[in-house]
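One structure is given here, and the rest of the page talks about it.
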Amino acid sequence: MRLYNTLSKTIEEFTPYNENEVTMYTCGPTVYHYAHIGNLRTYIFEDILEKSLEYMGYNVKRVMNITDVGHMTSDADSGEDKMQKGAARENKTVWEIADYYTNAFFNDAAKLNIRKPLIIEKASDLIDDYIRIIEKLLKDGYAYISNNNVYFDISKIEDYYRLSGKNSNDLLVGARDDVELDEFKRNPYDFGLWFTVSKFENQAMQWDSPWGVGYPGWHIECSGIAIKHLGEYLDIHCGGIDNIFPHHTNEIAQSEAFLGHKWCKYWLHGEHLNEESGKMSKSKGEFLTVSLLEEKKYDPLAYRYFCLQSHYRNQLVFSYESLDIAANGYKKLVNRVNQIKNSPSGELEEDKLNEYQNLFKKALQNDLNTSSALTVLYDVIKDELLNNNTKLYLIASFDSVLSLDLLKEKEVEIDSKLLSYIEEKIEERNLAKKEKNYELADKIREELKEKGIIIEDGREGTTYEIIR
Ligand code: AMP
Ligand code: ZN
């Protein structure tokens with residue numbers, strides 16, 4: 001596999017620490033609201049990465065956190081607490097909010113065929129681990145206590161800005177809104193490891209610690225969870241590009257300071273999905289969720305297909321026009337696969353099979369080029385010299401990575417013409433009944449039945465069911 005590593009800013013040959021198993025850590029959702037389809041683009045990219053590694057023969061051990069504590073509306077230590085904000089919005093406890101939106105996240109992810117990682121850990125469940133790491137950082141002089149909070153001292157790290165490729169001046173000149181001049185920090189980019197003097201008087205999530213009752217900062221969660229489940233050497237860490245700074249930068253600083261050696265080899269970041277008007281948001285404009293797409297009658301997998309058509313490191317702009325095109329393309333693809341499925345023929349052609357599988361692998365090995373991988377799929381479908389059984393085998397094999405349900409029975413789409421036909425017929429029948437023309441009414445019922453439409457008369461009027 002050749003993958004772009006944000007750490008070196010180059011495409012590198014992937015060689016895991018241990019040749020039999022790849023350890024992979026993914027920053028999980030902050031569960032204060034539904035995920036928008038931009039967030040889910042990142043999880044689709046990570047899902048493809050995990051499945052591609054498996055396709056190449058690796059055994060992948062993947063861990064993801066659920067951020068249910070410590071994440072502010074800015075990615076630094078300023079702004080509002082996202083969980084508190086969610087709880088206030090819905091008049092619920094932060095724990096109820098966390099439970100509800102964790103489930104919602106996995107439901108949406110499942111609709112997009114994003115597989116659940118092997119290990120999922122709630123940030124609030126590993127408080128003792130963070131405390132242990134922070135104690136060592138304090139002991140070794142990487143952290144300090146100020147105003148009863150514990151901060152990480154970034155000046156103790158030689159190459160703190162390595163991942164972002166920036167320096168402190170660039171960042172300050174950019175007048176980032178996520179830097180709050182906190183008089184208790186030695187450096188503006190020092191970050192909170194543990195807060196006891198909460199900015200939020202009504203902070204609901206609090207635990208005992210050697211520094212007083214309080215709660216952990218956001219960044220320490222991911223280091224704590226990754227080290228607990230995947231050990232001291234991590235192969236791959238991923239997230240969206242907004243995670244590069246400060247979140248992943250801080251994860252590297254504190255993990256390597258704690259472990260005393262290099263921690264993660266490959267850092268992979270997915271570019272954002274934007275709206276035509278700019279950044280995707282949960283609070284402004286239309287809140288684009290999987291449920292909204294479903295309400296608008298899109299198959300969620302059409303969105304997955306839309307994402308796979310572009311490279312994960314390219315920005316993607318969402319519009320309904322481009323989703324329509326992708327949805328149409330996806331429908332056609334499923335129909336073509338159905339035609340092949342309906343006429344299976346021939347013995348497996350081993351040579352051709354290997355040839356196409358290698359082309360598919362090559363596309364993915366090239367920094368996860370999913371659009372090239374789709375081209376290989378189309379080449380298989382179009383190949384007139386290839387028998388249908390070999391095609392079906394290849395489609396199933398490719399779909400273990402693409403996860404577009406290409407071979408699954410899809411529900412028959414009900415077109416609007418059929419719906420208006422049924423409604424007209426029911427009206428006609430109601431009229432016939434009113435005029436006591438029962439013969440005609442029965443005739444219409446039979447006519448519909450022959451078409452697979454069963455009607456029933458009830459107190460609420462006539463209802464129908466389409467059975468085929
Ligand atoms: P959050 O729930 O805010 O912690 O974000 C979950 C994931 O979504 C993180 O990996 C972010 O980097 C990623 N993300 C946030 N906004 C976008 C976007 N517009 N497009 C793609 N990924 C995003
Ligand atoms: Zn994280």
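If I take R0 = 56 Å and measure r between the Cβ atoms of L440 and K408 in this structure, what FRET efficiency does the formula 1/(1 + (r/R0)^6) give, to the nearest 0.05?
That pair, L440 with K408, gives E of 0.85.
Relative to the Cα centre, what is the charge dipole magnitude of segment 296-402, using +1 at the beta carbon of each Lys and Arg, -1 at the beta carbon of each Asp and Glu, and rounding to the nearest 20 debye? Please report the intermediate quantities before stating the final value.
Values: 13 positive and 13 negative charges, 101 e Å.
I would put it at about 480 debye.
For E96 and E286, what does the FRET efficiency come to when R0 = 41 Å and r is the distance between their Cβ atoms, rounded to the nearest 0.05? The formula returns an efficiency of 0.95 here. Fully extending the segment from N59 to N314 would add 89.0 nm, taking 0.36 nm per residue of separation and subtracting the current Cα-Cα distance.
Amide H contacts of Y4 (H built 1.01 Å from N, in plane; Pro and chain starts excluded): E12 sit under 5 Å, all sequence-distant by 5 or more or on other chains. Placing pseudo-labels 7 Å out from each Cα toward the beta carbon at N103 and K296 gives an inter-label distance of 2.7 nm.
Stretched out straight at 0.36 nm per residue, the stretch from N369 to N147 would grow longer than its current Cα-Cα span by 75.0 nm. Applying 0.36 nm per residue to the separation of S397 and E12 and subtracting their alpha-carbon distance, the gain on full extension is 136.0 nm.
Electrostatic tally near N389: other residues with Cβ closer than 14 Å to its Cβ, Lys and Arg +1, Asp and Glu -1, net -1.
Per-residue 3J(HN,Hα) values for segment 260-271, derived from phi via the Karplus relation 6.51 cos²θ - 1.76 cosθ + 1.60 with θ = phi - 60°, read x, 7, 4, 9, 9, 7, 10, 10, 10, 10, x, 6 Hz in sequence order (x marks Gly and Pro).
From the square roots a ≥ b ≥ c of the eigenvalues of the alpha-carbon gyration tensor of the chain, which class results: rounded (a/c under 1.5), prolate (a/b over b/c), or oblate?
Values: a/c = 2.76, a/b = 1.58, b/c = 1.74.
Since a/c reaches 1.5 but b/c is at least a/b, the shape of the chain is classed as oblate.
Where in segment 8-35 does the label zone of E80 land, with the point 7 angstrom along Cα→C-beta and an amide N cut-off under 18 Å? Hits in segment 8-35 for E80 at 18 Å: 30-35.
Just so you know, all these numbers are worked out from the coordinates, no wet-lab data involved. This one's a predicted model, so the numbers in the text were calculated from it and none came from an experiment. Note that we place each Cβ from the backbone using ideal geometry, even for glycine, and neighbour counts take in every protein chain shown.
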